[in-house]
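The next block holds one structure in the form of structure tokens; read it before the comments.
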Amino acid sequence: MTKYEPYMQALLWTCKHCGFVYEGGQPKQNCPICESYKTSFIDIPQHIEAEVRETHPDKSFNHADCRELRKKLMDEHNVYSSNRVAGRVLPSASGTNIKPS
Ligand SMILES: [Zn+2]
């Protein structure tokens, strides 16, 4: 058991515009921070989230500082260029299921 367990297991849907994290299932609504459409959420790599939470252990994971760092790391790791780098992209409204591989 590691200190990351609570979120290592979870999908981390993250708004690629502002860094807001929606834990659990797929976002069902637009981003509450920047109001980007829900397809702006991507599933970021766990090591990015680990670094964010290690850097700001005393802050909420959606604190402005955390979101800022998350955006910076997403940029450094090039997770924006959606199709297949590190992050997955929210499937379209067709109802396609995600199959983790
Ligand atoms: Zn957002």
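Descending by average beta-carbon neighbour count within 10 Å, the peptides 30-39, 46-55 line up as 46-55, 30-39, the highest first.
The residues ASP43, ASP58, when put in order of fewest to most other Cβ atoms within 10 Å, stand as ASP58, ASP43.
The distance between label points at GLU54 and TYR37 comes to 3.7 nm (points 7 Å beyond Cα on the Cα→Cβ vector). The fewest-to-most ranking of PHE20, PHE61, PHE41 by surrounding Cβ atoms within 10 Å reads PHE61, PHE20, PHE41.
Bear in mind these aren't lab numbers, they're just calculated from the coordinates by the rules spelled out. Worth saying up front: this structure is predicted, and the values here are computed from it rather than measured. Backbone-built Cβ (ideal geometry, glycine too); neighbour counts: all protein chains shown.
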